[in-house]
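Each value in this text was obtained by applying a stated rule to the coordinates, not by laboratory testing. Predicted, not measured: the structure shown is a model, and the values here were computed from it. Here Cβ is always computed from backbone atoms with ideal geometry, including for glycine, and neighbour counts include all displayed protein chains.
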Amino acid sequence: MIFPLAAVTVFFTALPVLAQMPNASQQVDSVQQRQQLEQAAQQMVVSNAVPELYDGESGDVGPQSVLQIKPHRTLIEAFADVQYFYTDNMFLANKNKQGADVLVSTVQAALAPSPYDVGDGLLSPQLGFQQQWFTYGLASSPQIQVYNLSSGKNQSVHLNYFDFNAMTVFGDVAWSRQNWTFTLGNDFRQLSDSDDYDGFYKEYVPGWAVRRDFFTSDKTVLSIGYEGDYRITDTQYVPPKDGSNFNDRTDQSLVVAGSWRLCRFAILQPTYRFQYTHFTCTRRDDFLNSFGLALYCPINDYITLRTYVSYNNLNTDGYYADNYNKLDAGGGINLTVRF
C-alpha cells in the first residue's frame, strides 16, 4: 500500500490501496458540485423571452415574449464533459502541499423524460449511469516520494501513479413549483484504480435537497438551497480495528449561488457553500467553506464552455484527519444531447 510522504500521518477520507489517490471521494464530490452549479446556472436564466436584437432593446420596447411554444418532449439525455484545471493541493494535505494539473473526463447517459405536470408543479425524474476518469500530471509529472506500507520503504513515483476512475449509478426525482425545487435521490458510487479497475471505495448515498430561486431581474437570479445526504461506505482500509465502514457520514450543506447573464453568450456565477459533515462510526466532524467564481459561455443549445476558480477551506477535529486549504483554477467544455 502506497502513501505520499507528505500525508502519511493523515487518515485519508478514502484510504488508498496500491497507488490510490488520498481523499478521492472528496475530489469526486468537488467535481460533481461544479457540474451541478453549471446546470443550475443555465436553467435559471432560461425563459421564454425572445433574445434582444441589439443591446438595450428591452429598455426601449420592453421584454418581448413568444406567444406560444410548441412542446417537444424528450426521453434520453446524453452528456460528455472534459475539464482541465490546476490544483495547488492534490492530496488535500495541511503541509507540504503538492500542486498538479488535473484532467477529468466524464460521460453520462440517463433516462430523463421532459417534466410532467403534477400537482400545480413540474415533476422531473431521471435514472442514469456516469463514468469519470481522473488523470494527474499530464503537463508536468514530477517524481514524488511515497511510503510503501508493504515493504516499509520509500520509493519515487510520478503523479499519474494516483490516477483513478469513478463509476456512479444515480436516480432522483425533482418537483418544482413557483421557484421552489424539492429533490430526492439515491446514488451508488465505486472508485477504482486506473490500471486494473480494482475497487477501493464504495458508497451508497440517499440524498435530499430544497432550493429557492429569486429572480431579481430578467438577467439575474439568486439561488439559496439546502442539501443533505447520508453515506453508507465500504473502504479498503489499513487499520483492521476501524472496520470498512469508518467513513460512514452525513453531510448538511447551505449553498448560495448567483447567476448574472452578462449577454446572450456569457453567464457569471459567484457561489458559496458551507458544509458540515458528521462521521457516524468515528469521532470526527468537518466544516468546509467553499468559494467559487465561474464564467459559462453557452455556444448553442448543446455546447457550453466554462472557466472557473475555487477556494476550499476545511477544518476538522478528526484524530487522523487534517485541516487543509485548496485553490483550483481551470476550464472545461461539455456537450449535452436530448432526444
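Observations, loosely collected:
- Phi-based couplings in Hz for the range 313-324 (Karplus 6.51, -1.76, 1.60; Gly and Pro marked x): 10, 10, 10, 9, 10, x, 5, 9, 9, 9, 6, 7
- Each peptide in 284-290, 118-124 was scored by the mean count of other Cβ atoms within 10 Å over its residues; highest first, the order is 284-290, 118-124.
- Per-pair calculated FRET efficiency, R0 = 41 Å: Q143 and H278 via Cβ, rounded to 0.05: 0.60
- Coupling constants for the range 253-269 follow from the phi torsions by the Karplus curve (6.51 cos²θ - 1.76 cosθ + 1.60, θ = phi - 60°), and in residue order they are 10, 10, 10, 10, 9, x, 10, 10, 7, 5, 7, 4, 10, 8, 10, 9, 9 Hz; glycine and proline get x.
- Long-range HN-HN contacts of N89 with modeled amide H, under 5 Å: A100, L327
- With a simple spin-label model that places each label point 7 Å from the Cα along the Cα-to-Cβ direction, the separation between L122 and D88 comes to 4.0 nm.
- Each eigenvalue of the Cα gyration tensor of the range 198-339, multiplied by 5 and square-rooted, gives one semi-axis; in descending order these are 34, 18, 16 Å.
- Quarter the surface of the alpha carbon convex hull of the range 270-322 and you get the mean projected area, 5.3 square nanometres.
- Approximating the spin labels as points 7 Å out from Cα along Cα→Cβ, the R212-to-Q36 distance works out to 1.9 nm.
- Kirkwood Rh, Cα atoms: Rg over Rh of the range 122-247: 1.12
- Gain in span if fully extended, Y230 to N325, counting 0.36 nm per residue against the direct Cα distance: 31.7 nm
- Neighbour-count ranking [beta-carbon atoms within 10 angstrom, fewest first] of Y302, Y201: Y302, Y201
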